[in-house]
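Visitor: Please read through the structure below; I'll follow up with questions.
The values are calculated or read from the model by the stated rules, or taken from the named source; none is laboratory data. Please read these numbers as outputs of a predicted model, since none were measured by experiment. Reconstructed Cβ throughout: ideal geometry from the backbone, glycine too, with neighbour counts over all protein chains shown. These area figures cover heavy atoms from the full protein model, side chains too; ligands, DNA and RNA do not enter into them. Shrake-Rupley method; radii C 1.70, N 1.55, O 1.52, S 1.80 Å.
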Amino acid sequence: MTCEPTDAEMKRRRLLKTIGAGALASGLAGCSSVSTGNEDGNETSKATASSTASKTTEDGTTAGTDAPPSDGKRVAFGDCTGVLPGECSPQTLTDDITEDTTLGGDCNRYVVEGTIDVTGATLTVTAGTELVFEQNAGLKIAADGTLVAEGTCERPVVFTGQQRTRGFWRGIYFEDSDNPNAMAYCVVEYAGGGDEFWQADDNANLAVGGSSRLAASNCAVRESAAWGFTFGPEVNVDDFSKNIVTANAAGAGFVRDASAHHVDGSGTYAGNDDDIVHVWGRDGLGAGFDATWDALDARYRVAKLVELRTDAHLTIAPGTTLSFEQEAGLKVSESSQLTAAGIDPNTEESKPITFTGEQKTRGFWRGLYFETSDRVPSVLENCVIEYGGGGDEYWTADAHANVAVGGGARARITRSTLRESGGYGFNFAEAVTIDSFVNNTVTRNATGAGHVRDDRAQFLSDTGTYTGNDVDRVYVWQHDDIGTDLDVTWDAIDVPYFVDTGAIETYGNLTIDPGTTVEFGQDAGLKLLDGGTLTAVGIVPDTEESKPITFTGGQKTRGYWRGIYFQQTDRTENQLRNCVVEYGGGGDEYWSADAKANVAVSNGSRARIDGCTIRESGAWGFDFSDDVSVDSFTRNTVTANAEGAGHVRDDTAHFLSDTSTYTGNDEDRVYVWQRDDIRESMAVTWDAIDVPYFIDTGAVSVYGALTIEPGATLEFGQDTGLRMYDGGILSAVGTGDEPITFTGEQKTRGYWRGIYFDDTNRTENELRYCVVEYGGGGNEFWNAKEHANVAVTNGSRLSIRHSTVRNSAGYGYEVTQDSTLTASANSVVDNALGASVNT
């Protein structure tokens, strides 16, 4: 056996020392040294012990400061260069140790043959001792055995192979030894070979298994053919500080998910063939677990699924990197908690935490999943989560994502980057609570920024960015509805909210912020039901800056989506202001709506619609049906709609304002459905809008008071008409420049029935500066004797002046003997049977 190292060995040791010193700036446990090599390749050192390493013992001596031999073999590790005794005759160890034994003495060098078991005894290895293992030899500390190997910076304890070859011997194995095993200033090298120890997870220089206990500090664990160390799931590592784990073939260490917290961040784990600590997700972290995975100078490589459950709490230290194997992941469930805050708590320095894939491929791993963990919020702050969203979808998650929160879980996600997912950046599923989702960057994800349920979209913040994905949108799944207990706001994020299927049903209060875009898939829509409200105001409240809100189709095709629908929601909060509503009016007609439209208000609902553009509907721009209240409909532009500007009932046409424009549609008209009548309690005005009111079927019956403004045009379909009954009033007073026109859709005599007054002896009934034409057809009005453009019957009263009555299929007007017609300055011409008739 050669006691002095070769030149090649010295070069390797200098390399290892450089690696160790660079990764552990403060030195090993307070020791510092400066090593130099002389011309013949031998290395000398000057080592001193700092105050943190010097301890006064009971006999008054100072531990760790014994002077090393003046000549002997140098052992470099980290910032230490220890010295072992010089040339001597080593002792040979072959038998198991069954009684307390101390190794060390005149010649502190031993050759170990085979695997020695320490059983029912304590093996003490003194400072400056070297154990040299033959091939496939090893040291096993059994359940009732103990190892105490405590060297110093100047006089380490060395466990090495007879040949300086990785894997030459098996290593040191603690097999269920729950005794105070201690290692300090040790070098364990060239092991990790031979037969794997029983119950050890893999070959390693230092394997701790079962429920063994170990304190190991200031050690060098190197040149393993496999791992530097392995920790089983139930081990107790009381101390693993300031170790240097380097130059190992498989990586620094192999640990279970339940033992990864024993890997101390004060050590260094770099310089291995692969700089990893492999974490096997097998055992889970359960009740009573509250620990931290330290930030290392190597990455944690996670295999399988690491699962927190039953109130466990795992903290990831700032600056940590977790790299996941294919289809691996991290699951937080059963009221457990993950805290991953990439901010140094003492200095506020940014130290991002990274969750990534072993391969930089989208969807390589499953992602982070939070489920049924609502006790306290899990925290992701200043983190990077990337290359997830693959493998099997998590149970109760709605979609593949880098971060999925489902099953009533609670989380806070801030200042983080979610990118390169094989699915979405994030998924918020059923009944979750997101305490904060601010200042995040969600980008370069395959299917979009995020996937949320309709009752969880309010958690998104406009302080984040969501652009740069393959599809720039947040997918909103119509599933749970916005319930009566919810009062939510959708922020103006920088991509559209995309509602793909179904109609979002809102029973609570939904506010859309200025500048927001909501995009709808085919046949999707937005419904406000049973007192639910929509407030969509595209004006910044503080500055009055215009930022329109857009409701549009996923494809820019008329009728691509259903539209916005108000039903049984008589709430003043319902408001569309400075909005664009386009490409709706398709799919299934909303229940109780009269027609397909971009905006439908029905069944006793209330709304304000001002300053909006309503366009490109597959049917009508708007629909106002039974018993609705449209508190304002001003300054709107209703254009480019397939069937016309709007569809209203006869008792809702008065909500239209002449401050809006209704032209540029395929049919420039507002369709007025004769359905409910203008009731006795109503006194309404039809503004002079810039397209005709079109009455298609039946006769509009007026029992209340109807005023028509100057310049208005009423166009009638075949056999339709206008009737004033039982005290009903028509006041149609135009001007010479702006006459009021009552005409037929087709310019044919007798195309419509005409205007009919029956039992309405009201002085307010007046036609002045009006044109009444192409009537006198269809069924005669009841109590009328003849066809006419204007019929005054059954004790009614009418004043008609400065008007033109023409092109009737019958008379211009008819007056029964019990009625009064005051006529002057009229032009009654081109009527088939004559100007007038008294019956």
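Visitor: With a cut-off of at least 2 residues that are open to solvent by 30 Å² or more (accessible area, probe 1.4 Å) and on the phi > 0 side of the Ramachandran plot, name the strands (runs of 3 or more DSSP E) lying wholly within the stretch 575-635. Before the answer, list the steps.
Guide: Values: elements: 575-577, 579-582, 597-602, 606-610, 613-615, 620-624, 629-632.
Ranges flagged: none.
Visitor: Considering the stretch 500-523 alone, what residues qualify as being open to solvent by less than 30 Å² (accessible area, probe 1.4 Å), closer than 17 Å to VAL599 by Cα and either touching a residue at least 60 places away in the same chain (Cβ under 8 Å) or among the polar types (S, T, N, Q) (or both)?
Guide: ALA503, THR506, PHE520
Visitor: Say whether the condition of being outside the structural domain of GLU643 (by the TED database), surrounded by fewer than 24 Cβ atoms within 10 Å (Cβ to Cβ) and aromatic (Phe, Trp, Tyr) is met by at least one residue in the stretch 722-734.
Guide: Checked the stretch 722-734: at least one residue is outside the structural domain of GLU643 (by the TED database), surrounded by fewer than 24 Cβ atoms within 10 Å (Cβ to Cβ) and aromatic (Phe, Trp, Tyr).
Visitor: Among the residues of the stretch 563-574, write down those that are at positive phi and assigned to a strand (DSSP E or B).
Guide: GLY563, the sole residue that qualifies.
Visitor: Only residues that are in a strand (DSSP E or B) and of a type in the set (A, V, I, L, M): list them for the stretch 447-464, please.
Guide: Kept after step one, since they are in a strand (DSSP E or B), are these residues of the stretch 447-464: 448-453.
Within the stretch 447-464, ALA449, VAL452 qualify.
Visitor: Same structure, new question: Does the stretch 91-106 contain any residue that is modelled with pLDDT of 90 or more, under 25 Å from LYS242 (Cβ atoms) and in contact with a Ser or Thr (Cβ under 6 Å, 6 or more places away or on another chain)? Write out each step before concluding.
Guide: Our first condition is that a residue be modelled with pLDDT of 90 or more; within the stretch 91-106, this holds for 91-104.
Filter once more, so that each one left must be under 25 Å from LYS242 (Cβ atoms): 103-104.
With in contact with a Ser or Thr (Cβ under 6 Å, 6 or more places away or on another chain) added as a condition, the list becomes 103-104.
Within the stretch 91-106, one or more residues are modelled with pLDDT of 90 or more, under 25 Å from LYS242 (Cβ atoms) and in contact with a Ser or Thr (Cβ under 6 Å, 6 or more places away or on another chain).
Visitor: Here is a follow-up. Which residue is modelled with the lowest pLDDT, if the candidates are limited to the stretch 690-721 and must be open to solvent by 40 Å² or more (accessible area, probe 1.4 Å) and not in a strand (DSSP E or B)?
Guide: Applying the filter and picking the extreme gives THR697.
Visitor: Across the stretch 109-133, what is the total count of residues that are within 13 Å of GLN91 (Cα to Cα) and open to solvent by 20 Å² or more (accessible area, probe 1.4 Å)? Can you show your working first?
Guide: Quick first cut of the stretch 109-133, residues within 13 Å of GLN91 (Cα to Cα) only: 109-113, 129-133.
In the following step, the residues that additionally are open to solvent by 20 Å² or more (accessible area, probe 1.4 Å) were identified as 113.
Qualifying residue count, the stretch 109-133: 1.
Visitor: Right, something else. Within the stretch 525-537, how many residues are in a loop (DSSP other than H, G, I, E, B) and in contact (Cβ under 8 Å) with a residue 60 or more places away in the chain? Can you show your working first?
Guide: Taking the stretch 525-537 and keeping what is in a loop (DSSP other than H, G, I, E, B), we get 530-532.
From the residues that got through so far, the ones that are in contact (Cβ under 8 Å) with a residue 60 or more places away in the chain too are none.
Selection size over the stretch 525-537: 0.
Visitor: Going by the structure shown, is ASP176 open to solvent by 10 Å² or more (accessible area, probe 1.4 Å) and at pLDDT below 95?
Guide: On the way: open to solvent by 10 Å² or more (accessible area, probe 1.4 Å): yes; at pLDDT below 95: yes.
It is true that ASP176 is open to solvent by 10 Å² or more (accessible area, probe 1.4 Å) and at pLDDT below 95.
Visitor: Next question. Quick one: in the stretch 387-413, which of the residues that are aromatic (Phe, Trp, Tyr) and surrounded by 24 or more Cβ atoms within 10 Å (Cβ to Cβ) is nearest to HIS451 (Cα to Cα)?
Guide: Just the residues of the stretch 387-413 that are aromatic (Phe, Trp, Tyr), to begin with: 387, 394-395.
Okay, now just the ones that are also surrounded by 24 or more Cβ atoms within 10 Å (Cβ to Cβ), so 387, 394.
Details: TYR387: 17, TYR394: 14 Å.
So the residue we want is TYR394.
Visitor: Which of the residues belonging to the stretch 343-375 are open to solvent by less than 10 Å² (accessible area, probe 1.4 Å), assigned to a loop (DSSP other than H, G, I, E, B) and either touching a helix residue (DSSP H, G or I) at 6+ places or on another chain (Cβ under 6 Å) or at pLDDT 95 or above (or both)?
Guide: Across the stretch 343-375, the qualifying residue is only TRP365.
Visitor: Can you tell which of ASP290, ASP283, ASP294 is among the acidic types (Asp, Glu), surrounded by fewer than 18 Cβ atoms within 10 Å (Cβ to Cβ) and at pLDDT 95 or above? Quick ask: steps written out before the conclusion?
Guide: Numbers: ASP283 fails: at pLDDT 95 or above; ASP294 fails: surrounded by fewer than 18 Cβ atoms within 10 Å (Cβ to Cβ).
Answer to the selection: ASP290.
Visitor: Can you find, within the stretch 75-90, the residue that is nearest to the chain's Cα centre (by Cα) among those that are modelled with pLDDT of 85 or more and open to solvent by 40 Å² or more (accessible area, probe 1.4 Å)?
Guide: So the residue we want is PRO90.
Visitor: Quick check on my filter: what residues within the stretch 550-572 are of a type in the set (D, E, K, R) and under 28 Å from the mean Cα position of the chain (by Cα)? Working first, answer last.
Guide: Restricting attention to the stretch 550-572, the residues satisfying the condition of being of a type in the set (D, E, K, R) are 556, 558, 562, 570-571.
Within the stretch 550-572, LYS556, ARG562 qualify.
Visitor: Scanning the stretch 768-817 for residues that are among the acidic types (Asp, Glu) and not in a loop (DSSP other than H, G, I, E, B), which turns out least open to solvent (accessible area, probe 1.4 Å)?
Guide: The first filter runs over the stretch 768-817 and keeps only residues among the acidic types (Asp, Glu), leaving 773, 780, 786, 814.
Those still in the list that are not in a loop (DSSP other than H, G, I, E, B) too: 773, 814.
Values: GLU773: 17, GLU814: 0 Å².
This residue is GLU814.
Visitor: If you don't mind, another one. Against the condition at pLDDT 95 or above, touching a Ser or Thr at 6+ places or on another chain (Cβ under 9 Å) and either assigned by the TED database to the domain that holds GLY810 or under 28 Å from GLU667 (Cα atoms) (or both), how does ALA784 come out, does it pass?
Guide: When the stated conditions are applied, ALA784 does not pass them.
Visitor: While we're here: Name, by its number, the condition in (1) modelled with pLDDT under 95; (2) out of contact with any Ser or Thr (no Cβ under 8 Å at 6 or more places or on another chain) that does not hold for GLU223.
Guide: (1)
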